[in-house]
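J.: Below is a structure I'd like to ask you about.
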Amino acid sequence: MALPQVRSWPLGAAAALALLLRAPLALGFNEDVCFPPGGGPPYNCLALPPVCEPVGTISPACLAAALVSIGADEAAQKHLAAERSLLHADCVNLLAQAVGFSPDDASWISAYGEVPDYGQFEPTDMKGKPYGAYKTAEMNGFRRDNFTAGGLVFHWVPTYKGGSASAPAAVDGLHPSTSAPSTEYFIAHLRAWAIAGTGASPLLCRAGLTNKSNRGDYATGNGCFALDGKPAPITFSLALVAGKSKTNTFDSGLLPIESADGHTVPASDFDATVGGGAARVADARLGIYLHALADRISHHACLDRTAMAGPSSSGSSTWSMAATPLPDCGQDHHSLFHMWESGVDFAKIPPAHRTTPRERAPTRQRPRAPS
């Protein structure tokens with residue numbers, strides 16, 4: 001796809017904002033392998049614009065070009081034969097096998113690892129045609145553009161600091177702790193659910209919020225968070241560009257993993273929805289967890305500057321998260337940072353943004369249940 005010409009930052013920002021208002025905003029390790037309509041070899045759909053060379057350039061012209069390029073690719077997705085992320089799909093598959101998973105398990109892990117981006121994923125051959133295996137169940141509740149069910153939280157992964165909206169001082173999203181429910185609470189919540197493999201406990205809650213545990217955290221308590229026995233509002237704001245932001249509110253409770261035609265499937269039915277037996281269910285859970293962990297790393301420049309605030313018993317929101325600190329949360333920087341994650345010389349990227357080597361590191365060790 002030809003890159004739109006961007007002559008000035010204000011014009012580029014305006015055009016990109018118009019595109020972004022109609023496109024998913026929660027890109028994390030964005031799709032970089034695209035297959036043209038009608039067949040043909042795959043191409044890199046996350047290429048760095050020429051104005052962003054050399055690698056590491058951050059300028060108004062580069063930021064505008066990156067934003068417009070991402071927005072244009074998002075708008076063109078419906079015409080593609082297929083697409084996927086090398087990092088969420090191919091790399092996870094290969095590294096899962098490298099640490100001891102069977103090819104079958106690795107294929108299910110990587111397939112479900114794409115569900116948080118697409119809601120449903122089916123692997124394709126080198127011409128973009130489905131090859132008839134490893135098609136996932138449809139689960140739009142995890143999708144990056146699902147603002148009403150809380151799916152965006154699997155991509156813009158929140159931390160916690162005792163109720164303050166300020167990020168924990170010691171948090172480091174480039175090297176996130178996977179067992180720190182008092183700070184990296186969402187990762188801890190999702191990891192516990194993934195490691196369980198199957199079964200009704202622990203629960204999978206919206207935004208990872210449970211009732212307060214005996215240890216004082218809101219990630220590992222009994223039951224999804226409720227205020228006076230009722231669901232509580234969670235407000236999530238996400239920066240766009242030019243000082244604009246998008247805010248949505250959803251209620252606490254079990255994550256609705258699929259909603260269609262007036263029917264909602266709760267997270268308690270995840271195992272039955274996946275089907276195929278306990279091993280496939282465990283693979284599916286692990287794939288979803290690894291996706292969220294990868295996006296925590298991918299978006300850390302933004303997420304390390306904010307935290308989930310609450311609970312509050314007054315006001316319009318009991319919980320609130322604002323992924324809005326600039327410049328790192330702005331969609332212009334967000335777009336450019338994703339272009340630095342694939343197909344470039346990582347040594348030329350500022351160290352704080354070398355997310356790809358770090359994102360692969362957690363995959364190299366097989367998760368173990370806590371003793």
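The values are calculated or read from the model by the stated rules, or taken from the named source; none is laboratory data. Treat the numbers as computed from the prediction; the structure is a model and nothing was measured. Methodologically, a virtual Cβ is constructed for each residue, glycine included, from the backbone with ideal geometry; neighbour enumeration extends over all protein chains shown.
J.: Against the definition (buried (at least 21 other Cβ atoms within 10 Å of the Cβ) and either of a type in the set (Val, Ile, Thr) or over 20 Å from the mean Cα position of the chain (by Cα) (or both)), how does residue 318 come out, yes or no?
T.: Answer is yes for this residue.
J.: Which one is surrounded by the fewest Cβ atoms within 10 Å (Cβ to Cβ) among residues in the stretch 183-222 that are in a loop (DSSP other than H, G, I, E, B) and touching a Leu at 6+ places or on another chain (Cβ under 7 Å)?
T.: 203
J.: Restrict the check to the stretch 110-118 and report whether at least one residue is touching a His at 6+ places or on another chain (Cβ under 7 Å), over 30 Å from residue 278 (Cβ atoms) and either surrounded by fewer than 24 Cβ atoms within 10 Å (Cβ to Cβ) or not hydroxyl-bearing (Ser, Thr, Tyr) (or both).
T.: Scanning the stretch 110-118, I find no residue that is touching a His at 6+ places or on another chain (Cβ under 7 Å), over 30 Å from residue 278 (Cβ atoms) and either surrounded by fewer than 24 Cβ atoms within 10 Å (Cβ to Cβ) or not hydroxyl-bearing (Ser, Thr, Tyr) (or both), so the answer is no.
J.: Taking the stretch 246-292 as the search range and keeping residues that are hydroxyl-bearing (Ser, Thr, Tyr) and closer than 13 Å to residue 205 by Cβ, which one is surrounded by the most Cβ atoms within 10 Å (Cβ to Cβ)?
T.: 252
J.: Follow-up question, since we're still on this one. If a residue must be out of contact with any Phe, Trp or Tyr (no Cβ under 7 Å at 6 or more places or on another chain) and either within 18 Å of residue 152 (Cβ to Cβ) or among the hydroxyl-bearing types (Ser, Thr, Tyr) (or both), how many such residues does the stretch 248-281 contain?
T.: As a first pass, look at the stretch 248-281 and keep what is out of contact with any Phe, Trp or Tyr (no Cβ under 7 Å at 6 or more places or on another chain): 249-251, 253-256, 258-279, 281.
Next cut, either within 18 Å of residue 152 (Cβ to Cβ) or among the hydroxyl-bearing types (Ser, Thr, Tyr) (or both) only: 249-251, 253-256, 258-259, 264, 267-268, 273.
The qualifying residues number 13.
J.: Taking the residues in the stretch 153-171 that are surrounded by 19 or more Cβ atoms within 10 Å (Cβ to Cβ) and of a type in the set (A, V, I, L, M, F, W, C) as candidates, determine which candidate is nearest to residue 115 (Cα to Cα).
T.: Checked the stretch 153-171; the qualifying residue nearest to residue 115 (Cα to Cα) is 154.
J.: In the stretch 27-63, how many are assigned to a helix (DSSP H, G or I), within 22 Å of residue 323 (Cα to Cα) and either modelled with pLDDT under 95 or not hydrophobic (A, V, I, L, M, F, W, C) (or both)?
T.: Of the residues in the stretch 27-63, 1 are assigned to a helix (DSSP H, G or I), within 22 Å of residue 323 (Cα to Cα) and either modelled with pLDDT under 95 or not hydrophobic (A, V, I, L, M, F, W, C) (or both).
J.: Provide a single number: the residues in the stretch 205-218 that are in contact with a strand residue (DSSP E or B) (Cβ under 7 Å, 6 or more places away or on another chain) and in contact (Cβ under 8 Å) with a residue 40 or more places away in the chain.
T.: Number satisfying all stated conditions: 5.
J.: Given the residues 135, 129, which is the only one that is of a type in the set (Lys, Arg), over 17 Å from residue 267 (Cα atoms) and modelled with pLDDT of 95 or more?
T.: Exactly one of 135, 129 is of a type in the set (Lys, Arg), over 17 Å from residue 267 (Cα atoms) and modelled with pLDDT of 95 or more, namely 135.
J.: Among the numbered conditions (1) crowded, with 19+ Cβ neighbours inside 10 Å; (2) at pLDDT 95 or above; (3) more than 26 Å from residue 93 (Cα to Cα), tell me where residue 240 comes up short.
T.: Against the list (1) crowded, with 19+ Cβ neighbours inside 10 Å; (2) at pLDDT 95 or above; (3) more than 26 Å from residue 93 (Cα to Cα), residue 240 comes up short only on (2).
J.: Has the stretch 94-105 got at least one residue that is in a helix (DSSP H, G or I) and touching an Asp or Glu at 6+ places or on another chain (Cβ under 6 Å)?
T.: Checked against the condition, which is being in a helix (DSSP H, G or I) and touching an Asp or Glu at 6+ places or on another chain (Cβ under 6 Å), the stretch 94-105 yields at least one hit.
J.: Could you tell me whether any residue of the stretch 262-273 is outside any strand (DSSP E or B), more than 18 Å from the chain's Cα centre (by Cα) and among the hydroxyl-bearing types (Ser, Thr, Tyr)?
T.: Yes, the stretch 262-273 has at least one match.
J.: Follow-up. State which residue pairs qualify: first residue in a loop (DSSP other than H, G, I, E, B) and inside the stretch 320-335, second residue among the polar types (S, T, N, Q) and crowded, with 20+ Cβ neighbours inside 10 Å in any location, beta carbons under 8 Å apart, and separation of 6 or more residues or different chains.
T.: Listed pairs, sorted by first residue: 324/306; 325/306; 329/306.
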